[in-house]
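Before any comments, here is the structure.
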Amino acid sequence: MASPNLSGASASGTGSVGSAATQPTDIKAPLWDHVIILEKPKAGGGNAMWRCKYCPMQKLSSYTRVEAHLLQISGKGIGKCPNVTYEMLSAMRKEIERCKNLVEKSRSRLVSLPTAPSSSNTDDTNKRSKRGPTSALEKAWRAEDRNHLDALISRAIYSGGVSFNFLRNPYLREAFAFASSRNMQGYVKPGYNRVREGLLKQERRHIERLLESTKSTWSEKGVTICTDGWSDPQRRPIINFVAVCDKSPMFLRADNCEGEIKSKEYIAEKLRAIIEEVGRDNVVQIITDNAANCKGAGLIIEAEYNNIFWTPCVVHTLNLALKSICDKFVWEQLEFIHDVKTEAAMIKNFIMNHGMRLSMFNEFSRLKLLSIAETRFASVVCMLKRFVEVKSALQQMVISDKWSIYKEVRDDSPTPTAQIVKDLILNDVWWDKVNYILRITTPIYEMIRMTDTDTPCLHLVYEMWDSMIENVKKEIYRYEGKQEDEDSDLYSVIYDILIARWTK
């Protein structure tokens, strides 16, 4: 039964019939345009009530009755419309025929497969298998069936835009292995609605039963609530909540806060709901990032619950310290780090944004230049590490004949960007600065990687922190050729940044 578009079916009660140039509200049911809404369908599943435009006294409750009434079809339990003329009836029939053609054209068509199944009957095959061993002809039939099934699966993957990695899914392999080992003649795969409703609820109940063993440990050993914000592919702000305990971490939920101001009060309200869900006696700690609103929310929760403490995320703390070292040059000693970071970003953007330059780079390197968002952890360090890995390819690219030819054709500015890029890539002093920055930041980067895991490591953080600062100092003093009892301006600035972030 076709359903009308309720927002577009309330046309004025004129006696005109839509022409072929006018697109109907619903091409699958064009006669909805000839009725007026009297009562919309109820939430409980009741039918809507409609009224014919041409005979106002007649009420209709389904499209079948609308069609029988307007097209003057008898035997449908509804009277014929007395005001529909022969010309109007002919126009309605033409409109219905045109809409049928449109629906037929829009319907997906099946394309023939490169293989065909065998013409053998399954019952006959079973009878032959009982008589004796499989003959060569029967083996050939089964080979045709296998090839045809492979073609059907491949066509479903291609036409559905499904990733080829889906074929490596262990559940898909298990499903086909189970089906091939059972006699399931007449089996029909679950439909769209059943998968998205009934089977999805069944799967959720099953997962919740499996998680009961994890939840049972919360009252014994306590649980930590971790929360962080991010944006999905549609740029909607999402807040995640994860419960971490001694046994394993467990995802609780993700709240869409689109259109909301993420103030400390708003985040605190979300945390209260999670705490009540988990159990206020079970929660011992809240971990958030170092943002002012998250910190304020954590302090609000800490003041309300005597047994819950707020702790900033170690990874966020280290990442913010690393960003302060690499991105800001308030201190003169860190200006060279900011300059190298800016020049590396300029080289990357120049190559990635020019098709010919990118094509030349791909000829010399199998690795790609990483385009890492600034919101990612240690994005500057990751970018410089990749630059070192593709250093040889970059140098071969800028000294090749193609680079010079393309520069002569396209780069006609007073200070060509291509020449600046070439000079930087061939400059040994610039690469020495890159390597020096990596040696300074690698201890911080390694601690970020060690703490950004699901493995409990809070008891090791302080020891890792002391080792990290010692390694940073060792690299700086080794480069500057100073003894441990001497002072270093660069180390003093970096140490102050790390301590300032850590004490927060």
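The values are calculated or read from the model by the stated rules, or taken from the named source; none is laboratory data. Predicted model, so just to flag it, every value in this text is computed and none were measured. In this analysis, Cβ positions are derived from the backbone assuming ideal geometry, glycine residues included, and neighbour counts consider all displayed protein chains. Remember, those area values only see protein heavy atoms, side chains included, never the ligands or the DNA or RNA. Shrake-Rupley method; radii C 1.70, N 1.55, O 1.52, S 1.80 Å.
Here are a few things to note about the model shown:
- Relative frequency of Cα-Cα separations exceeding 19 Å in segment 179-304, percent: 60
- Cβ-derived FRET efficiency at R0 22 Å, residue 201 paired with residue 39, nearest 0.05: 0.10
- Of the whole protein surface, residue 196 contributes about 120 Å² of accessible area at a 1.4 Å probe radius.
- The stretch between residue 485 and residue 247, if pulled fully straight at 0.36 nm per residue, gains 81.1 nm over its current Cα-Cα span.
- Measuring with a 1.4 angstrom probe and ignoring ligands and nucleic acids, residue 188 comes out at about 110 Å² accessible.
- With 10 Å bins beginning at zero, the pair-distance distribution over Cα atoms of segment 423-477 amounts to 23, 38, 24, 12, 3 %.
- One chain, two ends: residue 185 and residue 439. Fully extended at 0.36 nm per residue, the span grows by 84.9 nm beyond their Cα-Cα distance.
- The distance separating the Cα centre of segment 443-504 from that of segment 141-207 comes to 52 Å.
- Mean sequence separation of contacting Cα pairs (under 8 Å, at least six apart), scaled by the length of segment 395-484, corresponds to a relative contact order of 23 percent.
- With 28 Å as the limit on Cα-Cα distance, the pairs of 348/402; 28/80; 28/53; 105/201; 247/385; 323/368 that go past it are 105/201; 247/385.
- Taking 0.36 nm per residue of separation and subtracting the Cα-Cα distance, full extension of the segment from residue 356 to residue 428 would add 23.4 nm.
- These residues, 199, 152, go from largest to smallest accessible area, 1.4 Å probe, as 152, 199.
- FRET efficiency estimate (nearest 0.05) - Cβ-Cβ, residue 49 to residue 276, R0 60 angstrom: 0.85
- Considering all C-alpha pairs of segment 230-339, those separated by over 22 Å amount to 43%.
- Relative counts (whole %) of C-alpha pair distances in segment 397-504, using bins that are 10 Å wide: 12, 30, 21, 17, 16, 5, 0
- Scoring 77-89, 167-179, 218-230, 310-322 by mean Cβ neighbours within 10 Å over their residues and listing the highest first yields 310-322, 218-230, 77-89, 167-179.
- For segment 165-227, the dipole from Cβ point charges (+1 on Lys and Arg, -1 on Asp and Glu) about the Cα centre works out to 200 debye, to the nearest 20.
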